[in-house]
Amino acid sequence: MSRFLMGLAARFPLLILHALGALLGWAMYGLSPTYRRHLRENLQAAGYGGDAATRRAAVAGAGRMLAELPAVWLRPRAEVAALVRRVDGREHVDAAQAAGKGIVFLTPHLGCFEITAKIAAEEFPITVLYRAPKLAWLQPLIEKGRGQDNVRLARADLSGVRELLAALVRKEAVGILPDQVPGEGEGGWVEFFDRPAYTMTLAAKLAARPGSVCLLAFGERLSGGEGYVLHIRPLPEAAPGESALRRMNRALEALIRECPGQYLWGYNRYKHPKGAPAQPKGAPEKA
């Protein structure tokens, strides 16, 4: 039934999906004290605690992110591509391809991050790292929605890491959600918006890999159901004495500040994963 409903929702205009998604976002915010607390705390840490407009946009945006999935996952490839009105920063992709390098795309939980791999796959193969969903019925939907045409799915385990490396050796592209909390032994504690966050090392290592170019990307959600603008930014140079992890988080912070109302602030980014080391004493690393 859930798969049927998602297939039905995929036929709705994006304007309707986003309107329903805004209602869903406010329902989640009103019904879950834990979600509401995370959203407010994370906004406060990033300096948006007193910005009511950003908070309202973030609440509605979280729902829109869910509501747009049927359209992005299940519509025909050409229809999904047509939703992107403009690609800002395309020259960075062209330069990497001209130099014969693989591309590491870092796509945080910002805007419609699901559409970035779809658009990349219009021109070249891309391997995307993902975690299996807790709800089993979602697995075939994810495989159908994300893993088609030029998009390959790699599970977030050792075999998946090998697939990412193999793709980069072939001078192809890979995609990672770099602000997703990693599991035990897969991260390190580094500042993210003035709070220590357990941050994945894999993304930073791939970003620093010789022979590859690291680019940040997200799909900005346009108002009125008009579609998306895909933004692509190069990873900035490291500051003196800055670690690879902090460099990555600093780049993500700058990207998120371009469109703060579309970041998933309610995500529990600062949780302590089971088995992860304790937070280091003292102030977290800053640039």
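The numbers here are math on the coordinates, done by the rules we state, and not lab data. Source: prediction; values computed, not measured. Cβ sites come from the backbone with ideal geometry, for glycine too, and all protein chains shown count toward neighbours.
General remarks:
- Take 260-268, 19-27 and order them by the average number of nearby Cβ atoms within 10 Å per residue, most first; the result is 260-268, 19-27.
- Residue exposure proxy: ASP179, ASP157, ASP94, ordered by other Cβ atoms within 10 angstrom of their Cβ from fewest to most, comes out as ASP94, ASP157, ASP179.
- The chain: antiparallel DSSP beta bridges as a percent of all, rounded to 5: 40 percent
- Residue-wise HN-Hα couplings along the stretch 73-78, as the Karplus relation 6.51 cos²θ - 1.76 cosθ + 1.60 with θ = phi - 60° gives them from phi, are 7, 10, 6, x, 3, 5 Hz; Gly and Pro carry x.
- Fluctuation leader among CYS259, CYS214, CYS112 - the chain, Gaussian network, Cα springs under 10 angstrom: CYS259
- For a paramagnetic label modelled on VAL169 (point 7 Å from Cα along Cα→Cβ), amide N atoms under 18 Å away belong, within the stretch 80-104, to 101-104.
- Highest-first arrangement of 57-70, 233-246, where packing means the average Cβ count within 10 Å: 57-70, 233-246
- Segment GLU123..ARG85, full-extension length gain: 12.0 nm, with 0.36 nm per residue of separation and the alpha-carbon distance subtracted.
- Considering helices alone, the calculated mean residue ellipticity of the chain at 222 nm is -13000 deg cm²/dmol, with DSSP H runs of length four and up weighted by -39500 (n - 2.57) and normalised per residue.
- Counting other Cβ atoms within 10 Å as a rough exposure proxy, the listed residues LEU14, LEU106 run LEU14, LEU106 from fewest neighbours to most.
- For ARG269, ARG209, ARG257, order by how many other beta-carbon atoms lie within 10 Å, fewest first: ARG257, ARG209, ARG269
- Rough spin-label spacing in nm, given labels placed 7 Å along Cα→Cβ, for SER32 and ALA239: 3.2 nm
- Convex hull volume per residue, computed on the Cα atoms of the stretch 2-262, equals 132 Å³.
- Computed from label points 7 Å out along Cα-Cβ, the spacing between LYS281 and ALA95 is 4.5 nm.
- Three-way shape call for the stretch 1-65 based on the alpha-carbon gyration tensor, with the a/c threshold at 1.5: prolate
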